[in-house]
Amino acid sequence: MEISRPRGTRDFLFKEMERRKYVENKLREVFENYGYGEIKTPIFEDLTLFTTKSGEAIKEEIYHFKDKGNRDLALRPELTAPVARLYLNELQRQAKPIKMYYFGSCFRYERPQAGRFRQFWQFGCELIGGKSPEAEAEVIAMAAHALEELGLKDFEFHIGNLGIIRSLLSDAEVAEADQEKIMGSVDKGDVDELKNLLQELNVHPGLKETLLNLIEVRGHKEVIEKVRSIIENCKGASNSLNDLEELLNTLETFGYTDYIVNLGIARGLDYYSGIVFEIYVSGLGAQKQISGGGTYNLIEVFGGEPVESTGFAFGFDRVMEALKKQNTEIPVKGHMDVFVAPLSQDMRAEAFKITQNLRKEGIKTDVDLAKRKIKKILTYANNMGARYVVLVGAKDIATGKVTLKNMKSGDQHLVDMDDLYVEIGHEIG
Ligand code: HAM
């Protein structure tokens, strides 16, 4: 019987894990340089954590179940709601702003395709209690900085403000439920579907035209003036546009000018309230969005005080894919530096001692555990990517020496056992 992986999941082998670890560590470095501390939350949570804002419909898109105590639980589809819960449980009294980052797997019941999985990883952050637009600008600068550090090129940073469209809809007294439908359709980016929906909902033709114009807006800061003239009669939308302008000015002082204003960003999740942003990498097909985030009001929704919060998450798997597509070099060290090979069975104990000494010196060392003949050991060590083999022979040991073989050049020479780790350490750096 062959048991295969569940649909939408993956196994990662050694090389890929080395690459992922490298990227994870680089992201950690950047986030920590911006003052973020790492947190971890449970993989499963109370189902209500995810249905409170998004409604029962979200159950279709997530993994949820009853446990043996009849509790309704869900595998987390994302980490912003869990972090808001953690804040309410543990951190309300902590001095603000609180900067938290996380790296963990998420689960969504989606139709798997390239770049879209049922288990995937997010590397993200939440900045709780920072005043906008400076907090927003810093969060956005960090996202761009992180990608630069990874060596990713050709990514597009799109920034918008949900408040503009939402205010227009509220001013026109479009019901909350209909607003959600409209935002959902904007998020899909399907203009025909949006047109039909606006028609169906009897949205005033003037507003309909304004919305269709707004979602097409793309450009640098100069588009702000153009938008201002379109929305000048709606005070809420004008305020949101001013917020966006202030954010872009602040972002420039953080050193980032390479962004695209995009008022068609609606974000799939329901909790965003203002600035939103997404990062795209072309060449990834339909799943080109490698990151998304914005300003949200979840803490208030869960019964806490209103606290300004902003965050984003990298789709870690998509970042890996983007790096691969752009042939970005990721330095991958093999997981073995040295292989120790006893030349005869009576040298095994000696080989184990040498192995342990090297390991204690911090050198990645493996030893023959299969009682193979030397020729086979060399083939195995070569296949495993060992850079050196230490040949342990009775005659050499009698004089306190071993033979060190460089697997790349094939050169080998006798080394005093006491000098072994210094010599290997020197060679492998
Ligand atoms: P999100 O846009 O739903 O936002 O997810 C963040 C990123 O996760 C996406 O941009 C995408 O790269 C990746 N992603 C989403 N679904 C999948 C999937 N099925 N397979 C592979 N990658 C996927 C959030 O989750 C928000 N919590 C982000 C945030 C943090 N907002 C504020 N703070």
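The values are calculated or read from the model by the stated rules, or taken from the named source; none is laboratory data. Predicted, not measured: the structure shown is a model, and the values here were computed from it. Here Cβ is always computed from backbone atoms with ideal geometry, including for glycine, and neighbour counts include all displayed protein chains.
Output the number of residues of the stretch 46-81 satisfying the condition of being at pLDDT 95 or above, away from the ligand (no atom under 16 Å from the Cβ) and under 18 Å from E180 (Cβ atoms).
Total satisfying the criteria: 1.
Residues checked against (1) surrounded by fewer than 18 Cβ atoms within 10 Å (Cβ to Cβ); (2) in contact (Cβ under 8 Å) with a residue 12 or more places away in the chain; (3) under 38 Å from the mean Cα position of the chain (by Cα); (4) not assigned by TED's automatic domain parsing to the domain that holds R359:
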| position | (1), (2), (3), (4) |
| --- | --- |
| L378 | no, yes, no, no |
| A386 | no, yes, yes, no |
| T399 | yes, no, no, no |
| K408 | yes, yes, yes, no |
| D418 | yes, yes, no, no |
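Within the bounds of the stretch 154-175, is there any residue that is in a loop (DSSP other than H, G, I, E, B), farther than 21 Å from G315 by Cβ and in contact with a helix residue (DSSP H, G or I) (Cβ under 6 Å, 6 or more places away or on another chain)?
Yes; the residues of the stretch 154-175 include at least one that is in a loop (DSSP other than H, G, I, E, B), farther than 21 Å from G315 by Cβ and in contact with a helix residue (DSSP H, G or I) (Cβ under 6 Å, 6 or more places away or on another chain).
Only residues that are modelled with pLDDT under 95, under 23 Å from R20 (Cβ atoms) and more than 12 Å from the ligand (Cβ to nearest atom): list them for the stretch 276-324, please.
Residues satisfying the conditions are S282, G283, G285.
Filter the stretch 193-239 down to residues that are over 14 Å from N262 (Cβ atoms) and of a type in the set (G, A, S) and give me whichever is surrounded by the fewest Cβ atoms within 10 Å (Cβ to Cβ).
S229
Looking only at the stretch 87-136, filter to residues that are of a type in the set (A, V, I, L, M) and within 13 Å of the ligand (Cβ to nearest atom); which one of those is farthest from I159 (Cα to Cα)?
The selected residue is A114.
In the stretch 165-180, what count of residues is obtained for those that are over 20 Å from N239 (Cα atoms) and modelled with pLDDT of 90 or more?
So the answer is 2.
How many of the residues in the stretch 156-182 are in contact with a Phe, Trp or Tyr (Cβ under 9 Å, 6 or more places away or on another chain) and among the aliphatic types (A, V, I, L, M)?
2
Of the residues in the stretch 255-275, how many are at positive phi and near the ligand (Cβ under 7 Å from one of its atoms)?
1
Given the options L251, L244, name the one that is touching a strand residue (DSSP E or B) at 6+ places or on another chain (Cβ under 7 Å), modelled with pLDDT of 95 or more and more than 10 Å from the ligand (Cβ to nearest atom).
L244
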